[in-house]
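Enquirer: Please find one structure pasted underneath; my questions will follow.
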Amino acid sequence: MRISTPHRTVLTAAAVLLAVPGTAAAASADGRHRADALLPVAALAADRLATADLVAAAKWGTDSPIDDPAREQQVLDTVAAQAQQIGADPDEMRRVFRDQIEANKLVQRALFAEWTAHPDRAPTTKPDLSVVRATINRINTDLVRSLADTTPERVSPSCGPELLVAAVEVHHEKHQDLLHTTALARSLAHICRD
C-alpha cells in the first residue's frame, strides 16, 4: 500500500518523536503528561477505526458499498446535533467526523484490496452491521463529548505536538499496524484548530 505524503510526514514525525529520549514522556510542571488531555480523543478515534475491520467484514462479498453517502450524512447530522446540544461547534464536528469517516473507509478499502488479492485472508463470517453501527454510534457520542471537553487544548499552539504524542501513545497501547496507524493519522487531521 502506498502512503500519501501527509501521512508519511506524520509517521516520520512519530518515528522521530519516539527516537528522542524523554519526548513522549514530556511532562508539565505538575508532573502530568501534556498529551494526557488529548489522549482520550486519540484513543476514541482509534477505537472507531477498529470498527472498520468489522464493517469491511460485514460488507465483504455483498452489494453494500464502502462509500455510503446516506449513512455518512446521517452520522454527520447526528454529531452536529449532539455538538449543538452541548454548546460545541456543529461545523467543527462535521469536519472532524468527515475525517473519521474517510479514515474508516481507508481501512475498508485496504482490507478489500488485501482480501481480493489473497482470498484465503478474507473473513469467513459476517458481523451484524447494525450491531457494529451501534458501537460506532456510541463511540461517536463519546468522541463528540471528548472533543468538546478538550477545546482549550485543541486551540492551543501546542496542540499538534501534544496530539502527536497522544497518537503515539495510542499506537503503542493498541499495537496498531501500519494501515491503522496511517488511518489514525488521517482521522486526526482536523482535531487541532488552525
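The values are calculated or read from the model by the stated rules, or taken from the named source; none is laboratory data. Every value quoted in this text rests on a predicted model; they were computed, and no experiment measured them. Ideal geometry is used to build each Cβ from the backbone, glycine not excepted, and the neighbour counts take in all protein chains shown. Each accessible area value is taken on the protein alone, full model and side chains, heavy atoms only, with ligands, DNA and RNA left out. Shrake-Rupley method; radii C 1.70, N 1.55, O 1.52, S 1.80 Å.
Enquirer: Add +1 for every Lys or Arg and -1 for every Asp or Glu among the other residues with Cβ under 10 Å from the Cβ of E92, and state the total.
Expert: +2
Enquirer: Assuming a ≥ b ≥ c are the square roots of the Cα gyration tensor eigenvalues, decide whether region 35-148 counts as rounded (a/c under 1.5), prolate (otherwise, with a/b larger than b/c) or oblate. Don't jump to the answer; show the numbers that get you there.
Expert: Values: a/c = 2.42, a/b = 1.88, b/c = 1.29.
In terms of gyration-tensor shape, prolate.
Enquirer: Further question on the same structure: For region 36-143, what is the accessible area per residue in Å², given a 1.4 Å probe and the full set of protein chains?
Expert: Result: 47 Å² per residue.
Enquirer: Applying the Karplus parametrisation 6.51 cos²θ - 1.76 cosθ + 1.60 with θ = phi - 60° to the phi angles of region 43-59, what ³J(HN,Hα) value in whole Hz is obtained for each residue in order, glycine and proline being reported as x?
Expert: Whole-Hz 3J(HN,Hα) from phi for region 43-59: 5, 5, 4, 5, 4, 5, 5, 4, 6, 4, 4, 6, 4, 4, 5, 5, 8.
Enquirer: First measure r as the distance between the Cβ atoms of Q84 and T116, then evaluate 1/(1 + (r/R0)^6) with R0 = 41 Å and state the FRET efficiency to the nearest 0.05. Provide the component values of the computation, followed by the final result.
Expert: Details: r = 41 Å, r/R0 = 1.00.
Using R0 = 41 Å, I get an efficiency of 0.50.
Enquirer: Next up: Tell me, in nm to one decimal, what length is gained between Q73 and A134 on full extension, where the rule is 0.36 nm per residue of separation less the Cα-Cα distance?
Expert: Numbers: separation 61, 0.36 × 61 = 21.96 nm, distance 1.59 nm.
Full-extension gain reported as 20.4 nm.
Enquirer: Go through 48-59, 85-96 and give me the packing order, highest mean Cβ count within 10 Å leading.
Expert: Ranking, from highest mean packing down: 48-59, 85-96.
Enquirer: Moving to a separate point now. Label-point separation (nm) for T141 and D177, each offset 7 Å from Cα along Cα-to-Cβ?
Expert: Between T141 and D177, the label points sit 3.2 nm apart.
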